[in-house]
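Peer 1: Can you read through this structure? Questions will come right after.
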Amino acid sequence: MSIRLRNGPDLQLSLEALDMWKNDPLFKPFFHNVGMIDASSSKDGIADLRKHYQSLIDANIGLEKTNWLLESEDDILEKVPAFTREQIKGWKGLFCGDGGWLAAAKAINAIGQFLKDQGVNFGFGKSGTFKRPLFTADGITCNGVEAVDGIKYHADKVVLAAGAWSSTLIDLEDQCVSKAWVFAHIQLTPEEVTKYKNIPVVYDGEYGFFFEPNEHGVIKVCDEFPGFSRFKQHQPYGAASPKPISVPRSHADHPTDTYPEASEVTIRKAIARFMPQFKDRELFNRSMCWCTDTADANLLICEHPKWKNFILATGDSGHSFKLLPNIGKHVVELIEESLPPNLANPWMWRPGGDALKSIRAAPAKDLADLPGWKHDPKL
């Protein structure tokens, strides 16, 4: 997590989220505010760091107090003593003191328990799986949803916030493309843990990122790439016929899925970059994580243009978990018809553009072209 300025709403949303992660009793326990370093040793990468830093200064709200450039190897070693001088030769960095990492699973569990305590009811399995929206006699006013087991839930307004599965459920007219990113884990010894405990998150746009070990001495490593799609002929509700849709694979339904063979190479490359002494260490819990991109990396939060009272809240574009504490507030504003124009306009229904590439370096590769990730048991 850090302050990103990819588009108009980013600064406002990032600052709102940061305040809640730091101060809200529900979220505070899960924010590890160790800072974050964007690092690079390439000419273009270093230029991008300086450009990003300048954009933070240009925001004119004092971000230079918590964000600064790391211009020397000594500056970087001061933040990450576990690095060696030889390893970081030629590196430059941008340190974000407001950055860190979020304990995602623990945060989700805590929120689930909080909502349960407030009397919120949850549906799971087939009773909690969307089949189609329900409408009044006029055919355009949504008044509920039907689950795949036939149970019908009625409501004055319906919000579809299904993340990477959104475009498989409702025809979004190609505004969102779901993609997978990959990660793996390495186990450290207690002695090794002490060297890496409380270090900042370290990210290099050409390699990936890693962060400090958790309470079990496990480090998570992610590589950097434009994501993997999984296109299938699929007919979401509202589409006239089947069309190519990137359809995620649920880990709950396919627990043996890992990641493509090519990802083993890039994960190892990231480890060699950040922790060369562990480059041959055994990897475990190799997996893919799905989210969905829009063409401009803005969210898609709006009422469906054809269906009254059916509201979309999707278009993650790689940053929505950071917004977990505050994004719901703005969905409520939309429901109550008070969402300000500076958010409503960039989040409006907007077909067109290239969501397959989005603002990333290249379009996603498709999993159909990449072996090694599917390990379904033979029947």
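The values are calculated or read from the model by the stated rules, or taken from the named source; none is laboratory data. Just so it is clear, the structure is predicted and the values come from calculations on it, not from any experiment. Positions of Cβ are generated from backbone atoms using ideal geometry, with glycine treated the same way; all protein chains shown enter the neighbour counts.
Peer 1: For region 124-154, which residues satisfy the criterion of being among the aliphatic types (A, V, I, L, M) and touching a residue at least 60 places away in the same chain (Cβ under 8 Å)?
Peer 2: I140
Peer 1: Does F231 qualify as being within 16 Å of L283 (Cβ to Cβ) and either of a type outside the set (V, I, T) or within 17 Å of the chain's Cα centre (by Cα) (or both)?
Peer 2: no
Peer 1: Going through A313, A262, A270, A297 one at a time, which residue ends up being within 14 Å of the chain's Cα centre (by Cα) and crowded, with 18+ Cβ neighbours inside 10 Å?
Peer 2: A297
Peer 1: Can you name every residue in region 55-75 that is among the hydrophobic types (A, V, I, L, M, F, W, C) and in a strand (DSSP E or B)?
Peer 2: W68, L69, L70
Peer 1: I want to confirm something. Restricting to region 338-379 and keeping residues that are at pLDDT below 75 and of a type in the set (K, R), which single residue is nearest to Q12 (Cα to Cα)?
Peer 2: Per the stated criteria, the residue is R360.
Peer 1: Let me ask something else about it. One residue is enough: does region 337-351 have a residue meeting the conditions hydroxyl-bearing (S, T, Y) and surrounded by 20 or more Cβ atoms within 10 Å (Cβ to Cβ)?
Peer 2: No: region 337-351 contains no residue that is hydroxyl-bearing (S, T, Y) and surrounded by 20 or more Cβ atoms within 10 Å (Cβ to Cβ).
Peer 1: So which residues in region 206-226 are in a strand (DSSP E or B) and either farther than 27 Å from H52 by Cβ or touching a Leu at 6+ places or on another chain (Cβ under 7 Å) (or both)?
Peer 2: V218, I219
Peer 1: For F95, indicate whether it is in a helix (DSSP H, G or I), aromatic (F, W, Y) and either at positive phi or touching a residue at least 60 places away in the same chain (Cβ under 8 Å) (or both).
Peer 2: no
Peer 1: Specify the residue that is surrounded by the fewest Cβ atoms within 10 Å (Cβ to Cβ); the eligible residues are those in region 209-247 that are basic (K, R) and within 23 Å of P133 (Cβ to Cβ).
Peer 2: K232
Peer 1: Do we find a residue being among the basic types (K, R) and in contact (Cβ under 8 Å) with a residue 24 or more places away in the chain anywhere in region 107-122?
Peer 2: no
Peer 1: Which one of these is without any contact (Cβ under 8 Å) to a residue 12 or more places away in the chain and not polar (S, T, N, Q): D257, D223, D253?
Peer 2: When all the criteria are applied, what remains is D253.
Peer 1: Looking at region 23-48, which of the residues that are at pLDDT below 95 and in a helix (DSSP H, G or I) is nearest to A270 (Cα to Cα)?
Peer 2: Across region 23-48, the extreme among qualifying residues is G45.
Peer 1: When you go through (1) over 19 Å from A39 (Cβ atoms); (2) assigned to a helix (DSSP H, G or I); (3) free of Cβ contacts under 8 Å to residues at least 12 places away in the same chain one by one for A272, which number turns out not to apply?
Peer 2: For A272, the failing item is (1).
Peer 1: Another question, then. D98: at pLDDT below 95 and in contact with a helix residue (DSSP H, G or I) (Cβ under 8 Å, 6 or more places away or on another chain), yes or no?
Peer 2: For D98, the condition - at pLDDT below 95 and in contact with a helix residue (DSSP H, G or I) (Cβ under 8 Å, 6 or more places away or on another chain) - is met.
Peer 1: Continuing with this model, one more query. Only one of these is within 27 Å of the chain's Cα centre (by Cα) and either over 30 Å from Y203 (Cβ atoms) or among the acidic types (D, E) (or both): D44, D149, D138, D75. Name it.
Peer 2: It is D44.
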